[in-house]
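This report concerns only the one structure given below.
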Amino acid sequence: AGTGGVNGTPGVNGTPGSHGTPRTGEGAAAPAAGGPAPAGTRATARSRRFPSVTQDTARPEGAGRAIPGAVSTPARQWPVLSVLAATAVGLLTTAMGHPRVGCLVIGIALIGAAVLRRALPSVGMLAVRSRFTDMVTYGVLGVAITLLALVMEPKPVLHLPFLETAVRFTVR
């Protein structure tokens, strides 16, 4: 039957040899040259095609380490840490009574995240989805927050004529 799983451990069901049908190269005898495969074995070639049914979640492109593994973990994740630090500064600034400046810092941090996602080949945990989706998400949110900070009352920096009409129509 078999001697067990990998390195002498029990198979799938806890019994020796219950780890399924062996494949060529996994302890099964390789077929003789020109002859049929031994009974109970099946030779399967590994396909390079993406499987129709996946078993796990694929890592997003560019999700590798931003710096090689010999460096400490915080240093390897500097892109996401820089965006989080800038966002924390923006939140603290808002909490201290300067909402326009705080929202501008948060918006610029998100725009910076979009730029980092585009410019760097590997950004660590800043990569959540595909590169394009991350860039669009970070960019749209960053621009929206920045624009909201610029039209914030009192004394808006940016005057949008349709905004006054929209507010009057919805609120008043």
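The values are calculated or read from the model by the stated rules, or taken from the named source; none is laboratory data. Worth saying up front: this structure is predicted, and the values here are computed from it rather than measured. Counting neighbours? That spans all protein chains shown, and the Cβs are built from the backbone with ideal geometry, glycine included. Accessible surface is based on the protein model in full, side chains and every heavy atom, while ligands, DNA and RNA are left aside. Shrake-Rupley method; radii C 1.70, N 1.55, O 1.52, S 1.80 Å.
When you scan segment 142-164, do you find a residue that is of a type outside the set (Val, Ile, Thr) and either modelled with pLDDT of 95 or more or under 25 Å from the mean Cα position of the chain (by Cα) (or both), even just one? Yes.
Scanning segment 93-135 for residues that are more than 16 Å from residue 80 (Cβ to Cβ) and basic (Lys, Arg) returns a single hit, 100. Looking across 121, 99, one residue alone is farther than 25 Å from residue 157 by Cα, touching a residue at least 12 places away in the same chain (Cβ under 8 Å) and open to solvent by 40 Å² or more (accessible area, probe 1.4 Å). It is 121.
Can you report the number of residues in segment 41-84 which are basic (Lys, Arg), under 18 Å from residue 131 (Cβ atoms) and at pLDDT 65 or above? I'd like the intermediate steps shown before the answer.
Of all residues in segment 41-84, those basic (Lys, Arg) come to 42, 46, 48-49, 59, 65, 76.
From what's left, under 18 Å from residue 131 (Cβ atoms): 59, 65.
From what is left, the residues that are at pLDDT 65 or above are 59.
Final tally of qualifying residues: 1.
Can you name every residue in segment 149-168 that is among the acidic types (Asp, Glu) and either under 18 Å from residue 108 (Cα atoms) or in a helix (DSSP H, G or I) (or both)?
Kept after step one, since they are among the acidic types (Asp, Glu), are these residues of segment 149-168: 153, 164.
Across segment 149-168, the qualifying residue is only 164.
Within segment 96-139, the set of residues being of a type in the set (Gly, Ala, Ser), farther than 19 Å from residue 75 by Cβ and not in a loop (DSSP other than H, G, I, E, B) comprises 102, 107, 109, 114, 139.
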